[in-house]
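Visitor: If you scroll down you'll find the structure; I have some questions about it.
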Amino acid sequence: MTSSPLLSLPGAVPAESPDEGVAGHYGDPFREQRALADGTAFVDLSHRGVVTVTGEDRLAWLHLLLTQHVSELPAHQATEALVLSAHGHVEHALYLVDDGTTTWAHVEPGTQGDLLAYLESMKFFYRVETADAGDAYAVVHLPAGNITEVPADWAVRETPWGRDVFVPRAELEAFAGRAGTPAGVLAHEALRIEAHRPRLGLETDHRTIPHEVGWLESAVHLNKGCYRGQETVARVHNLGRPPRRLVFLHLDGSEVKLPGHGAPVRLAEDGPDGRQIGFVTSSARHHELGPIALALVKRNVPADAVLLADTVPANQEVVVAP
């Protein structure tokens, strides 16, 4: 993996898995979170995969493969979509925008190869071309409120929480120089967790279905035609019984340790040796809320139950209703 040139900025400390290649922070994660919250910062996400699809059939073709309705996606309108297995399990998450001639997507680091292999296998007679554009383009996130001017010919995903800009790599350092204060991915992750937004590979495992993590609202269109895994989506939606649900956790601030990804979650009343009822997916220290986390727990866990995330007491906030 190529390291970002922005790791040469003052104070930059490299991030750990799954975000190797960019800065975890630049010396003060709380200050960086506040700068993101007030719109004066940017986040280097140049380690993420970038995939493009061109050709006159691109949107109609993607519509057949993805969980989202994209056949009539207006130019410059951002959306999210998933690729599911035949059994409805989440395999890929794509963050999309179409500029009128090209569909752009950024994806989790290292997943673009498998995604492109799947897309290539499904081309058949459609007039489309797919490409790994990660060597030529990098993703930079500008939070809501950041007024940095972006060239009109660059692809941009504009969402309620900010803009994801597909920056030509040759211009990454120059763009960063005028985009505000650099903020690391630790700050970006803390605000993502606060907003309850799931991330592939953290909030998901090999058996995750979209209903469990709240992707029905943002990445799945329930009234579109058939796509791989659609039967599972429809069945579970109609029955209303996903096996697990995402929760937001307010962790006990007196504990020094943050529970890491995969840490067991138990009912507090059962103690640290009790039966595991879920696992921590992501955790962070938030500049206002203190230590927070997301976790996947069994659907029937009472929404008002106090939990133990590893050994840390935690109160739940419902993300996906039981």
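The values are calculated or read from the model by the stated rules, or taken from the named source; none is laboratory data. In this text the structure is predicted, and so the values were computed from the model without any measurement. So basically every Cβ, Gly included, is an ideal-geometry build from the backbone, and we count neighbours across all protein chains shown. The area values use the complete protein model at the heavy-atom level, side chains included, leaving out ligands, DNA and RNA. Shrake-Rupley method; radii C 1.70, N 1.55, O 1.52, S 1.80 Å.
Visitor: Residues of the range 80-113 being surrounded by fewer than 22 Cβ atoms within 10 Å (Cβ to Cβ), more than 17 Å from G201 (Cα to Cα), of a type outside the set (G, A, S) and in contact (Cβ under 8 Å) with a residue 60 or more places away in the chain, which ones?
Guide: Of everything in the range 80-113, just one residue is surrounded by fewer than 22 Cβ atoms within 10 Å (Cβ to Cβ), more than 17 Å from G201 (Cα to Cα), of a type outside the set (G, A, S) and in contact (Cβ under 8 Å) with a residue 60 or more places away in the chain, namely H87.
Visitor: Run R228 past the list (1) part of a loop (DSSP other than H, G, I, E, B); (2) open to solvent by less than 50 Å² (accessible area, probe 1.4 Å); (3) of a type outside the set (S, T, N, Q) and report the number of the one that doesn't hold.
Guide: Single failed check for R228: (2).
Visitor: While we're here: Does the range 192-242 hold any residues that are within 11 Å of the chain's Cα centre (by Cα) and at positive phi, and which are they?
Guide: Within the range 192-242, H196, G201 qualify.
Visitor: Another question about this same structure. Give me the residue from the range 178-220 that is in a helix (DSSP H, G or I) and touching a Pro at 6+ places or on another chain (Cβ under 6 Å) and, out of that set, surrounded by the fewest Cβ atoms within 10 Å (Cβ to Cβ). Steps first, please.
Guide: To start, the set of residues in the range 178-220 that are in a helix (DSSP H, G or I) comprises 178, 185-194, 210-213, 215-218.
Cutting the leftovers down to touching a Pro at 6+ places or on another chain (Cβ under 6 Å) gives us 186-187, 211-213, 216.
On the way: L186: 22, A187: 30, H211: 24, E212: 25, V213: 28, L216: 19.
Restricting to residues being in a helix (DSSP H, G or I) and touching a Pro at 6+ places or on another chain (Cβ under 6 Å), the top hit is L216.
Visitor: What residue, among those in the range 233-262 that are aliphatic (A, V, I, L, M) and open to solvent by less than 60 Å² (accessible area, probe 1.4 Å), is farthest from D310 (Cα to Cα)? If you could, list the steps in order and put the result at the bottom.
Guide: To start, the set of residues in the range 233-262 that are aliphatic (A, V, I, L, M) comprises 233-234, 236, 239, 246-247, 249, 251, 256, 258.
Next, from what is left, pick out any that are open to solvent by less than 60 Å² (accessible area, probe 1.4 Å): 233-234, 236, 246-247, 249, 251, 258.
Details: V233: 31, A234: 34, V236: 30, L246: 17, V247: 15, L249: 12, L251: 11, L258: 9 Å.
Looking at residues that are aliphatic (A, V, I, L, M) and open to solvent by less than 60 Å² (accessible area, probe 1.4 Å), I get A234.
Visitor: Something else about it: Looking only at the range 1-39, count how many residues are of a type in the set (A, V, I, L, M, F, W, C), at pLDDT 95 or above and open to solvent by 40 Å² or more (accessible area, probe 1.4 Å).
Guide: Looking only at the range 1-39, we keep the residues that are of a type in the set (A, V, I, L, M, F, W, C), and these are 1, 6-7, 9, 12-13, 15, 22-23, 30, 35-37.
With the extra rule that they be at pLDDT 95 or above, the set shrinks to 6-7, 9, 12-13, 15, 22-23, 30, 35-37.
Now narrow it down to the ones that are open to solvent by 40 Å² or more (accessible area, probe 1.4 Å): 7, 9, 13, 30, 37.
Of the residues in that region, 5 qualify.
Visitor: For the range 162-177, enumerate the residues that are assigned to a strand (DSSP E or B), of a type outside the set (K, R) and under 24 Å from L191 (Cα atoms). Reasoning before the result, please.
Guide: Initial filter on the range 162-177 (assigned to a strand (DSSP E or B)): 162-168.
Imposing the further condition that a residue be of a type outside the set (K, R) reduces the set to 162, 164-168.
Matches in the range 162-177: G162, D164, V165, F166, V167.
Visitor: Another one. If you go through the range 276-284 one residue at a time, do you hit one that is farther than 30 Å from Y118 by Cβ, hydrophobic (A, V, I, L, M, F, W, C) and outside any helix (DSSP H, G or I)? Walk me through it before giving the result.
Guide: Taking the range 276-284 first, the residues farther than 30 Å from Y118 by Cβ are 276-277, 283-284.
Next, from what is left, pick out any that are hydrophobic (A, V, I, L, M, F, W, C): 277, 284.
Of the ones still in play, those that are also outside any helix (DSSP H, G or I) are 277, 284.
The answer is yes, given that some residue of the range 276-284 is farther than 30 Å from Y118 by Cβ, hydrophobic (A, V, I, L, M, F, W, C) and outside any helix (DSSP H, G or I).
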